[in-house]
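The structure under discussion appears below in the form of structure tokens.
The values are calculated or read from the model by the stated rules, or taken from the named source; none is laboratory data. Computed from a predicted model, the values in this text were never measured in an experiment. Here the Cβ is made from the backbone with ideal geometry for all residues, glycine too, and neighbour counts use every protein chain on show.
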């Protein structure tokens, strides 16, 4: 088996006297989609910052193999640059202009924004901007995608639409993905593995595999069952006597 | 999706209507002789004075003199104030050290400097340029500092993630991010500079629109005084309109939307 592209090995993180992470270990396989859920303020974003090497652990080690891109929680498209210029940021290492343009055109087609290359972010809807953010992070030679609650600012229906959109894009451009979210439905629908973190200091409390081909429907019984399991784990639903999926 | 507020041709006429009404009131007040004619010139007197000044070429010379001083002082302030603001905006400790002093000078009316301006630089262009500089520099520094502080940190994360070097971070993140706020500050300070030039020329000038007003007052030519006032006001509007055009640049418009 190949080495895991992302390995967190016995990591602890302290901010001053506050312990944010305590002995967290995690290994993510190539092409795997891992969702991380947990109570707010438990250090989910810290985990992403560790994985992207933006933050060094106080002890333990984080190893990554492959180029990492991150999509942030808040609008992070540069508002003074057009859709084209923003997406091209993801292709800065490709020197050949015709190659760049070809990739750009393909990406605009994939996110269905062909006519919007010269628009500025403020001229797009929230969902369209989110698609451009994903495009910028997915374009070019990258292996790992980190998502920090990327759809949290969208309304419910747009969020479901964007999930489907993301799943579809990942079919075309497979990546190793770590998604941090507070939306348990989102985690269960998208991920191969859902990791539940505990309250601060965060530890891996439990993890659930979702053995189902991606992309999936939100109401697929296995997705619903995973939502139930995670909610029970977090003490937000009671254990049922009868399992949801027989 | 592009929020464009279309101004109908009807709405365009509205300011002209207001202007016309204002002139009519002016005419009425001067016709009623509420004030003596010598201290309340009629629009016609002013128009005549305007033609007289134009023929003599004095008005043109005064406009050029004032514009030259404002442009020089303002440009000096912009080319030094914005970089200083950038620097302070990025260095928290230096900012803490310098901000009270800058705020002190910002609160000081530039006119308080007039005696020193004359003593140090004599009479002519230099003292006025100095006063305009003093009027614009400090507000520009403060506005730039505030703009830099307001840049969402996520943009610097993006610059880091996509491999921007220091120069690229400056030209592709910091400068475009502060541009809308800095342009607004430039508009405000340009207005301030234009206010100051008139006041400064009254005292430290031997030409310029401020001097013209002072000269008219000394010669009891109230018609020429009003003529100078109108020219000053119109040029003030023109300067602001010119700077306003900057806000329409596509890569800057985002700062004024929403």
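When region B:157-173 is filtered for residues that are within 14 Å of chain A (Cβ to nearest Cβ) and assigned to a helix (DSSP H, G or I), the ones remaining, listed by number, are B:157, B:158, B:159, B:160, B:161, B:168, B:169, B:170, B:171, B:172, B:173. For region A:208-225, the criterion of a residue being surrounded by fewer than 14 Cβ atoms within 10 Å (Cβ to Cβ), touching a strand residue (DSSP E or B) at 6+ places or on another chain (Cβ under 8 Å) and either at pLDDT 90 or above or within 29 Å of residue A:138 (Cα to Cα) (or both) is satisfied by at least one position. Counting only helices (runs of 4 or more DSSP H) that fall entirely inside region A:136-246 and contain at least 1 residues that are touching a residue at least 40 places away in the same chain (Cβ under 8 Å) and within 30 Å of residue A:22 (Cα to Cα), the qualifying elements are A:184-190, A:221-233. Looking only at residues in region A:59-80 that are more than 7 Å from chain B (Cβ to nearest Cβ) and not in a strand (DSSP E or B), which one is farthest from residue A:126 (Cα to Cα)? Only one residue tops the list, namely A:65. Applying the criterion of being more than 8 Å from chain B (Cβ to nearest Cβ) and modelled with pLDDT of 90 or more to the residues of region A:83-96, the residue that is surrounded by the fewest Cβ atoms within 10 Å (Cβ to Cβ) is A:96. Among the criteria (1) surrounded by fewer than 17 Cβ atoms within 10 Å (Cβ to Cβ); (2) over 30 Å from residue A:144 (Cα atoms), the one residue B:139 does not fulfil is (1). Would you say residue B:154 is within 13 Å of another protein chain (Cβ to nearest Cβ) and surrounded by fewer than 20 Cβ atoms within 10 Å (Cβ to Cβ)? It is true that residue B:154 is within 13 Å of another protein chain (Cβ to nearest Cβ) and surrounded by fewer than 20 Cβ atoms within 10 Å (Cβ to Cβ).
The single residue among B:77, B:56, B:97 that is under 30 Å from residue B:175 (Cα atoms) and exposed (fewer than 13 other Cβ atoms within 10 Å of the Cβ) turns out to be B:97.
Can you tell me which residue within region A:32-58, out of those that are more than 22 Å from residue A:207 (Cβ to Cβ) and away from chain B (no Cβ under 14 Å), is nearest to the chain's Cα centre (by Cα)? Top of the filtered list is A:56. With respect to the conditions (1) under 19 Å from the mean Cα position of the chain (by Cα); (2) farther than 19 Å from residue B:222 by Cα, residue B:115 lacks only one, and its number is (1). Just checking, does region B:227-246 include any residue being under 29 Å from residue B:185 (Cβ atoms), within 14 Å of chain A (Cβ to nearest Cβ) and modelled with pLDDT of 90 or more? Looking through region B:227-246, at least one residue is under 29 Å from residue B:185 (Cβ atoms), within 14 Å of chain A (Cβ to nearest Cβ) and modelled with pLDDT of 90 or more.
Given the structure, is residue B:148 out of contact with any strand residue (DSSP E or B) (no Cβ under 9 Å at 6 or more places or on another chain), touching a residue at least 40 places away in the same chain (Cβ under 8 Å) and under 30 Å from residue A:68 (Cα atoms)? Yes. Of all residues in region A:10-22, which are surrounded by fewer than 15 Cβ atoms within 10 Å (Cβ to Cβ) and assigned to a strand (DSSP E or B)? Once the filter is applied, which keeps residues that are surrounded by fewer than 15 Cβ atoms within 10 Å (Cβ to Cβ) and assigned to a strand (DSSP E or B), region A:10-22 yields A:10, A:14, A:15, A:18. Restricting attention to region A:26-53, the residues that are surrounded by fewer than 20 Cβ atoms within 10 Å (Cβ to Cβ), at pLDDT 90 or above and not in a helix (DSSP H, G or I) total 5.
Residues in region B:38-79 that are free of Cβ contacts under 8 Å to residues at least 24 places away in the same chain and touching a helix residue (DSSP H, G or I) at 6+ places or on another chain (Cβ under 6 Å): B:42, B:43.
Can you confirm whether residue B:85 is within 20 Å of the chain's Cα centre (by Cα), within 16 Å of residue B:195 (Cβ to Cβ) and buried (at least 21 other Cβ atoms within 10 Å of the Cβ)?
no
Scanning region A:109-131 for residues that are part of a helix (DSSP H, G or I), within 14 Å of chain B (Cβ to nearest Cβ) and in contact with a helix residue (DSSP H, G or I) (Cβ under 6 Å, 6 or more places away or on another chain) gives A:116, A:121, A:122, A:127, A:129.
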